[in-house]
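Following: one structure in structure tokens, then a few remarks.
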Amino acid sequence: MDDGAARRLRVERAVAAAARIADARDPLGEEARQRLPSTSGLSPEGVELALGRHLEVAPSDGELDALVAASGRARRCHVVLAANVCTAPLRAIAVATATAPEVFVRPSRRDPVITELLVRALQADEGFRRAGGAIALVADVSLGDAGTAAGERVPGDLPHAELHVYGSDQTVATLRAQAGPGVLVRGHGAGLGLAVVGLGANLVEAARDIAADVVPFDQRGCLSPRFALVEGPAERAEALARALHEALEEAGARVPRGPLDGAARAEVTMYRATLEAVGSFWEGRGHGVGLDPAPRSLLLPPAARVVHVAASSAEAAPALLAPFRGAITAIGASGGGTLARAAAAAAPRARLSALGRMQRPPLDGPVDLRTP
């Protein structure tokens, strides 16, 4: 088996392992559903939504080809995972297995479930081993062993290791600073999503699509929209905010938000007080919508199914988005117009999609395109 075919097969076996987790009838899927409500912070309905709809178990051949082509090359790959999105380990492990035959994964201490199940399945998978794959869980990253040891013989085209870090910007910076010679670090730090509602959008439909992007993972992922910019006058932004409040109420009845801790509740309270002073705030059983009809800046809401809606224009958007330019990971747009183009220009490395599709990106590489 040539190296390209082996890399592709390792990724395919990772996806096959994830398909078992997505299947509630499989022992791995059953275990995931038992454990995730207590580790992920999601409601049981939120767990089912994540596993049944947002675990990337049916990629196209083109997507898999793109993932392999976009991945680096190394003898070994170390992966450090975060806990924000319970399904994220699949993509991270798929990229790692395309990068190197030998993979070491440090799971999130708070939510290790999907990582543990994927690694267990791959360790028992003959096809993964036949493709040269070896994978193990580790309690910490041993950066002293991550690079090529002095005098170690490696293939000529694999002179280094890679370290893939998913987490806070501080975690990425700390591990990058600790990485020694021969280690290429690919950091994927904190990010957020932006919804853009153009002049041609039906506001009720746009609100439902935004809700469909907010509810998965309770808005904690880097693809989750935290802001919604509405092209046109303040009245149009208010109409979108009211429709979004109703859409999130309906979605929350089907998929309740997981419990909030004290710190998150305090953040919601502070955000609500600020928005009530400058605009409006609608609060439901498990969500909130803030409206700033005449924004001079954007206020980042807490990641608790809370969306900040603001009226904007193509001319005003660059200044509004400037403080968040480096953090925008995904843009979902509806209705065309010049505002969507201005937003994309302000965040040129963001993933672009239609509203309602922000949380279902193709499995074509890391979800965060900000890191070259």
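Hey, what number do you get for the chain at 222 nm if only DSSP H runs of n ≥ 4 count, each worth -39500 (n - 2.57), divided across all residues, to the nearest 500? One gets -13000 deg cm²/dmol as the mean residue ellipticity at 222 nm. Note on ASP169: accessible area approximately 90 square angstrom, rounded to 10, probe 1.4 Å, nucleic acids and ligands left out. Magnitude of the charge dipole for the chain, about its Cα centre and with charges confined to Cβ atoms of Lys, Arg (+1) and Asp, Glu (-1), is about 480 debye.
How high is the FRET efficiency between ALA322 and ALA277 when r is their beta carbon distance and R₀ equals 30 Å, given to the nearest 0.05? It comes out at approximately 0.80.
I'd like the accessible area for ASP261, computed on protein heavy atoms only with a 1.4 Å probe and all protein chains in place. Round to 10 Å², please. In the full protein context, ASP261 sits at about 90 Å². Sorted largest first by accessible area at a 1.4 angstrom probe radius, with every protein chain in place, the residues VAL141, VAL80 fall in the order VAL141, VAL80. The solvent-accessible area of HIS78, taken with every protein chain present and a 1.4 Å probe, is close to 10 Å².
Against the criterion of solvent-accessible heavy-atom surface with a 1.4 angstrom probe, TYR271, TYR166 sort, most first, into TYR166, TYR271.
Dipole orientation for the chain: of the candidates ALA206, LEU300, GLN359, LEU300 has the Cα lying most toward the positive pole (charges on Cβ; Lys, Arg +1; Asp, Glu -1).
Taking every protein chain into account, the accessible area of region 38-150 amounts to 38 square angstrom per residue (probe 1.4 Å). Shown is the FRET efficiency for ASN202 and ARG285, computed with R0 = 22 Å from the Cβ-Cβ distance and rounded to the nearest 0.05: 0.30.
The values are calculated or read from the model by the stated rules, or taken from the named source; none is laboratory data. Keep in mind the model is a prediction, meaning the values are calculated, not measured. Don't worry about glycine lacking a Cβ; one is built from the backbone with ideal geometry, like all the others, and counts go over all protein chains shown. The protein model used for the area step is the full one, side chains on, heavy atoms only, and it has no ligands, DNA or RNA in it. Shrake-Rupley method; radii C 1.70, N 1.55, O 1.52, S 1.80 Å.
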